[in-house]
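The values are calculated or read from the model by the stated rules, or taken from the named source; none is laboratory data. Everything quoted here is computed from the prediction, not taken from an experiment. Virtual Cβ from ideal backbone geometry, glycine too; neighbours counted across all protein chains shown. Note: accessible area is taken over every heavy atom of the protein model, side chains too, but ligands, DNA and RNA are not part of it. Shrake-Rupley method; radii C 1.70, N 1.55, O 1.52, S 1.80 Å.
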Amino acid sequence: MRAARLIKMVLLLQSRPTMTAAELARELEVSERTVTRDAQALSEAGVPVYADRGRAGGYRLIGGYRTRLTGLARGEAEALFLSGVPGALREMGLEDAASAARLKVSAALLPSLRDASRTAAQRFHLDAPNWFKEPKTPQLLPAVADAVWDDRRIVTRYRSREAEVERELEPYGLVLKAGVWYLCARVAGHGSYRVYRIDRFTAVEAGEERFARDEEFDLPGFWDERAEQFARSILRAEVVVRLSADGVRALPYALEPQSAREALEAAGAPGEDGWVTVTLPVESEEVAHAQLAALGPEVEVLAPGSLRARFASDAIRLARMYGAR
């Protein structure tokens, strides 16, 4: 356990000029006192770890010290080759760079681990797009990706619902969600972060000016928060339904899963017939009709009356259709 932590500490110091004891403690999930002891152990083992004292101090490696990747276990080496998503890299124009990097890593590995890329590829493949949708690579994705990697401001034209607008953006990160590419960016001069669909950009021009990236920005955390906000923002209506036991089990597959689970948790106990009454947040009556229809006879709509009438009409038509046969 400690050996793995010491190796990680050396790799962290290789990747950054200086790290404070607090930063190392946070990365290694230990106390600052443990960091001090580990740094001393590395120094005694011949690794040139130097401690700068004072408020602006920290730990660093001196003399251009580098460690080779000979300490990787097989599982770690295979996980390394899983970190790149080939399709996404190709769409961003980074396939050649990723290929070169994999070759360099393979050359640095022990001979017994050099088949890690092949064994990993045989056991895992990521197919990001949704079923029954033809994925299309946005034409301007490589230009946006270049700006993201280089921290360059971009002047864009973006097609929104109302009109096409021009915006100067600081591109922070890219997200691939169900086959659709999104840009998380800060509007220049405003300080607010927003999400843009790459396929709605009609023009992208990167300037020479680089922006100062906020190192506190957490792309995965920001995306999770915005995705949850979006999922909740579109649920503007409510319907009241009765569900059988089978309907309760199937509900999270028919509606937005988190909202369905929360609605079920807030529902009362089942009645004597085993059915439970649930109030569901939905996007609209039309969407609710399409979603709840998937539950068939395992759901009864109680309100609103207009939606109940639609299901009653569906039931009459179905009865006529199947009764006649």
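At-a-glance table
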| read-out | value |
| --- | --- |
| Distance in nm between pseudo-label sites at Asp246 and Phe222 (7 Å out along the Cβ direction from Cα) | 4.7 |
| Rg [Å, one decimal], Dmax [Å, integer] - the range 193-298, C-alpha atoms | 20.1, 71 |
| Heavy-atom accessible area ranking, 1.4 Å probe, most first, across Ser15, Ser233, Ser284 | Ser15, Ser233, Ser284 |
| Accessible surface of His125 - all protein chains present, 1.4 Å probe, nearest 10 Å² | 150 |
| Estimated dipole of the range 144-258 in Debye, rounded to 20 [Cβ of Lys and Arg +1, of Asp and Glu -1, Cα centre] | 600 |
| Shape category assigned to the range 1-48 from the gyration tensor of Cα positions, a/c cut at 1.5 | rounded |
| Rounded, prolate or oblate (a/c below 1.5 giving rounded, otherwise prolate when a/b exceeds b/c) for the range 156-214 by Cα gyration tensor | oblate |
| Cα gyration tensor category, rounded, prolate or oblate, for the range 255-312 with a/c compared to 1.5 | oblate |
| Carbon/sulfur fraction of accessible area - the range 112-209, other protein chains in place, 1.4 Å, % | 47 |
| Between the range 235-285 and the range 160-206, the Cα center-to-center distance that results, in Å | 35 |
| Under the Karplus curve 6.51 cos²θ - 1.76 cosθ + 1.60, θ = phi - 60°, whole-Hz ³J(HN,Hα) for the range 245-262, x wherever Gly or Pro sits | 4, 5, x, 4, 5, 8, 4, x, 8, 9, 10, 4, x, 5, 5, 5, 5, 5 |
| Accessible area per residue, Å², the range 171-325 with all protein chains present, probe 1.4 Å | 60 |
